[in-house]
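> This is the structure I have questions about; it appears just below.
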Amino acid sequence: TLGWGLIGASTIAHEWMIDAIRAQPGHTIAAVMSGDAQRGAAYASAHGIPGSTTALDDLLANPAVDAVYISTTNELHAPQAIAAARAGKHVLCEKPLAMTLPDAQAIVAACNAAGVVLGTNHHLRNAASHIAMRQLIRDGAIGQPLFARVFHAVKLPAHLQGWRVHKPDAGGGVILDITVHDADTLRFLLDAEPVEAVAMTQGDGPVEDGVMAVLRFDTGVLAQLHDAFNVAHAGTGIEIHGTAGSIVGRDVMTQRPVGEVLLRTAEGERQVPLVPHDLYAHSLAQFAAAVRGEGAPAASGEDGLRSLAAALAVVEASRTGQRTAVRLG
Ligand code: NDP
């Protein structure tokens with residue numbers, strides 16, 4: 001059993017995570033915290049959550065809360081995660097783990113010091129498509145990986161534009177919102193770490209709404225990324241090109257358990273069989289196992305930190321026009 005406290009009366013919890021938590025055997029949601037008492041109470045009642053509060057301390061003092069799921073706007077993740085760790089609660093935090101490296105490091109340190117599990121909810125690692133692609137690469141199906149291309153230009157639905165495009169201090173723009181997922185997914189697929197970035201952005205609003213970037217990995221792989229908030233019809237995907245073959249994932253940079261994976265080698269092209277499952281339920285199952293002492297979350301706190309570091313290098317590269325090293329501290 002695991003009792004959850006939700007920090008943030010968010011869309012992602014409403015659309016995905018509440019159902020995914022309740023799909024775990026023995027998991028319950030004890031309370032939700034919102035900055036607005038009325039909205040929090042309405043959210044709790046709409047989702048059958050027994051408690052709602054505006055005080056983080058209340059939520060953290062609730063004995064029915066063993067773990068928190070943090071899905072507030074990005075600038076709040078660090079103080080909330082650190083407070084939860086200090087209260088002895090396990091922490092599953094949304095991405096980006098924080099908005100700065102020192103904040104992300106402080107979250108990791110607080111969770112280590114408290115001996116609680118820290119996971120970052122980079123959902124794409126949990127997709128059947130990405131798990132299959134990673135296995136193919138590990139099995140040598142494409143030889144040595146040389147290049148990757150990520151297609152993650154999407155149109156933000158109106159109800160998700162808010163702070164993402166209007167509050168730079170809360171969202172951080174397309175790079176902290178989407179590029180951070182690309183970096184994490186590539187780290188997962190390639191078993192490699194990004195070491196430097198070049199990038200250019202587009203958009204004249206409060207935050208950038210489109211970016212094209214290249215990351216170089218410590219294995220020599222070059223990865224080209226295209227992320228946007230304002231492109232409705234591109235479709236998403238990822239390609240990994242190696243010395244002996246190419247993997248093409250279509251419609252796989254998404255929250256839904258959809259998409260297809262193709263493997264092309266000298267033998268021709270074949271579709272890789274996939275048995276899709278809910279990404280968020282998979283993430284929670286792995287987090288719960290880690291709480292039981294079995295394995296690690298799909299994306300750990302360290303993963304959240306490293307993927308953020310790559311995204312911040314892309315931000316810096318786009319602002320300075322310089323090739324920028326990915327720094328962890
Ligand atoms: P939302 O805008 O839905 O929620 C963020 C905060 O905004 C909430 O905590 C809430 O504050 C406030 N809020 C939400 N709806 C309303 C409303 N109707 N009126 C007033 N305030 C509102 O953001 P998302 O759910 O899209 O994102 C939350 C976090 O999750 C972010 O860190 C984001 O990066 C991440 N995310 C991750 C995804 C993934 O697949 N891993 C996908 C989408 C988002 P309060 O709690 O104070 O009520």
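The values are calculated or read from the model by the stated rules, or taken from the named source; none is laboratory data. Since we're looking at a predicted model, the values are computed, not measured. Cβ coordinates were reconstructed from backbone atoms using ideal geometry, including for glycine residues, and neighbour counts include every protein chain displayed. All accessible areas refer to the heavy atoms of the entire protein, side chains included, with ligands and DNA or RNA removed. Shrake-Rupley method; radii C 1.70, N 1.55, O 1.52, S 1.80 Å.
> What nm distance separates the two modelled labels at Glu260 and Ala109, each placed 7 Å from Cα along Cα→Cβ?
5.0
> I need the peptides 236-249, 316-329 ranked by packing, meaning the mean over residues of other C-beta atoms within 10 angstrom, with the highest value on top. Please report the intermediate quantities before stating the final value.
Values: 236-249: 19.8, 316-329: 15.1.
Descending packing order for the listed peptides: 236-249, 316-329.
> Can you give the angle from 0 to 90° between the axis of helix 37-47 and the longest principal axis of the chain, with both taken from C-alpha atoms, to the nearest 10?
70
> Then there's this: State to the nearest 20 debye the size of the charge dipole of the chain about its Cα centre, where the only charges are +1 on K and R beta carbons and -1 on D and E beta carbons. Don't skip to the answer; put the middle values down first.
Working: 23 positive and 32 negative charges, 40 e Å.
Here the chain has a charge dipole of around 200 debye.
> Apply the Kirkwood formula to the stretch 221-312: the hydrodynamic radius equals the inverse of the mean of 1/r over all pairs of different alpha-carbon atoms; give it in Å with one decimal. List each step's numbers first, then the result.
Numbers: mean 1/r = 0.0625 Å⁻¹.
One decimal place: 16.0 Å for the Kirkwood radius.
> Would you mind getting me the FRET efficiency between Thr320 and Ala232? Use the beta-carbon distance for r and R0 = 22 Å, nearest 0.05.
For R0 = 22 Å, the calculated efficiency reads 0.10.
> Another question about this same structure. Angle between the Cα long axis of helix 101-114 and the longest principal axis of the chain, 0 to 90 degrees, nearest 10?
Approximately 60 degrees, to the nearest ten.
> Simple spin-label model, 7 Å along Cα-to-Cβ: Lys167 to Lys155 in nm?
Computed distance between label sites Lys167 and Lys155 equals 2.6 nm.
> Could you state the angle between the C-alpha long axis of helix 301-320 and the longest principal axis of the C-alpha atoms of the chain, as a value from 0 to 90 degrees rounded to the nearest 10?
It works out to around 60 degrees.
> On to the next question. If each residue of separation counts as 0.36 nm, what is the full-extension length gain between Gln224 and Glu15 once their alpha-carbon separation is subtracted?
Full extension of this stretch gives 72.2 nm more.
> Let me ask you something else. Tally the DSSP beta bridges in the chain and give the antiparallel ones as a percent, rounded to 5.
Of the beta bridges lying entirely in the chain, close to 60 percent run antiparallel.
> May I pose another question? In the stretch 103-209, how does Rg compare with the Kirkwood Rh, expressed as the Rg/Rh ratio over alpha carbon atoms?
1.01
> Sticking with this one: Taking a quarter of the surface of the convex hull around the Cα atoms of the chain, what do you get in nm²?
16.0
> May I ask you to list the aspartates and glutamates whose Cα is less than 16 Å away from that of Lys155, ignoring any residue fewer than eight positions away on the same chain?
Within reach: Asp177, Glu208, Asp209, Asp227, Asp251.
> Further question: Once the Cα gyration tensor of the stretch 1-119 is found, what semi-axes does its equivalent ellipsoid get, as square roots of 5 times the eigenvalues, in whole Å, sorted largest first?
Values: eigenvalues 91, 47, 34 Å².
Over the Cα atoms of the stretch 1-119, the ellipsoid semi-axes are 21, 15, 13 Å.
> Please compute, for the alpha-carbon atoms of the stretch 136-282, the extent along each of the three principal axes and give them in descending order in Å.
49, 33, 27
> Find the accessible area per residue for the chain; the probe is 1.4 Å, ligands and nucleic acids are left out, and the unit is Å².
Normalised by residue count, the accessible surface of the chain is 41 Å².
> Let me ask another. Compute the orientation-averaged projected area for the stretch 94-140 from the convex hull of its Cα atoms and round it to one decimal in nm². Write down the numbers at each step before the final one.
On the way: hull surface 18.1 nm².
For the stretch 94-140, the mean projected area of the Cα convex hull comes to 4.5 nm².
> Now, a different point. If packing is taken as the mean number of other Cβ atoms within 10 Å per residue, what is the order of 65-75, 301-311, 267-277, highest first?
The most tightly packed comes first, giving 301-311, 65-75, 267-277.
> Still on this model: Equivalent-ellipsoid semi-axes (√(5λ), Cα gyration tensor) for the stretch 165-218, whole Å, largest first? It would help to have the intermediate numbers written out before the result.
Details: eigenvalues 113, 29, 11 Å².
Value: 24, 12, 7 Å, ordered largest first.
> To the nearest 0.05, what FRET efficiency results for Met200 and Phe147 with a Förster distance of 25 Å applied to their C-beta separation?
For Met200 and Phe147, the calculated efficiency is 0.85.
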